[in-house]
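Contents: one structure, followed by commentary.
The values are calculated or read from the model by the stated rules, or taken from the named source; none is laboratory data. Just so it is clear, the structure is predicted and the values come from calculations on it, not from any experiment. Glycine gets a Cβ as well: all are built from the backbone with ideal geometry, and neighbour counts include every protein chain shown. Note: areas computed on protein heavy atoms with side chains; ligands, DNA, RNA excluded. Shrake-Rupley method; radii C 1.70, N 1.55, O 1.52, S 1.80 Å.
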Amino acid sequence: MKFLLKNFLNGVLTIVPIILAFYVCYKVFSFFDGLLGKYLKPYLQDSYIPGIGILCTMILITFLGWLSTQYISGRIIKLIDRLLENIPFIKTVYSVIKDIIASFIGEKRSFSKVVLVELSNTGMKCIGFITSEEVETFLDPLKNHVAVYIPQTFQVAGITFLIPKQQIQVLDIKPEDAMKFILSGGMTAAKK
């Protein structure tokens with residue numbers, strides 16, 4: 001019985017992560033391929049090759065990105081941007097999506113500084129990411145504070161704290177490594 005249990009647990013530890021990784025990659029691939037692929041399939045029928053939808057999506061995004069840098073089309077895009085930022089409810093959704101995308105690939109990337117935060121009077125510490133160093137623009141009494149996002153273990157959710165600058169310590173760690181450490185509950189540190 002121990003032999004069966006041991007091999008079952010070994011299988012769970014080795015095979016399940018591989019299967020889940022392939023499954024997630026397949027779902028992400030299918031989603032992005034389907035964005036334009038579902039419109040191309042009826043025209044290409046048997047000639048359709050999986051991945052054409054992703055390629056067409058990338059070409060379209062690149063073309064629209066180029067258009068946004070041109071004088072006339074750039075002005076039209078800025079006009080649409082201003083319009084979306086003034087429509088109730090839509091402005092909230094639009095600005096959140098825009099800020100999230102800019103935080104990962106924009107010039108002012110968030111999650112680039114990993115910090116150590118000590119929880120008051122406990123001696124406990126947690127790892128987080130500075131998401132904004134200019135919170136005084138949000139509320140003036142927060143002049144010497146920063147916004148720190150603390151992700152939760154085993155999920156994507158987290159909490160944003162406004163912490164005085166003197167209570168954080170910037171760490172020299174890659175953001176990807178810090179996120180892996182947090183999301184795994186600290187288990188990735190055991191591998192090193």
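Would you point out which residue out of I127, I182 is of a type outside the set (K, R), modelled with pLDDT under 85, under 21 Å from the mean Cα position of the chain (by Cα) and under 24 Å from I101 (Cα atoms)?
Numbers: I127 fails: modelled with pLDDT under 85.
Checking each option against the conditions leaves just I182.
All conditions but one from (1) of a type in the set (A, V, I, L, M, F, W, C); (2) modelled with pLDDT under 80; (3) exposed (fewer than 11 other Cβ atoms within 10 Å of the Cβ) apply to F111; the one that does not is (3). Among the residues of this structure, P151 does not count as one that is open to solvent by 50 Å² or more (accessible area, probe 1.4 Å) and either touching a residue at least 24 places away in the same chain (Cβ under 8 Å) or out of contact with any Phe, Trp or Tyr (no Cβ under 9 Å at 6 or more places or on another chain) (or both). Of the residues I49, I90, I77, the single one that is β-branched (V, I, T) and open to solvent by 90 Å² or more (accessible area, probe 1.4 Å) is I49.
Applying the set (1) acidic (D, E); (2) touching a Lys or Arg at 6+ places or on another chain (Cβ under 6 Å); (3) farther than 30 Å from K165 by Cα; (4) open to solvent by 90 Å² or more (accessible area, probe 1.4 Å) to E85 leaves exactly one unmet item: (4).
Exactly one residue out of I150, I173 is within 22 Å of T188 (Cα to Cα) and either out of contact with any helix residue (DSSP H, G or I) (no Cβ under 9 Å at 6 or more places or on another chain) or not in a loop (DSSP other than H, G, I, E, B) (or both), and it is I150.
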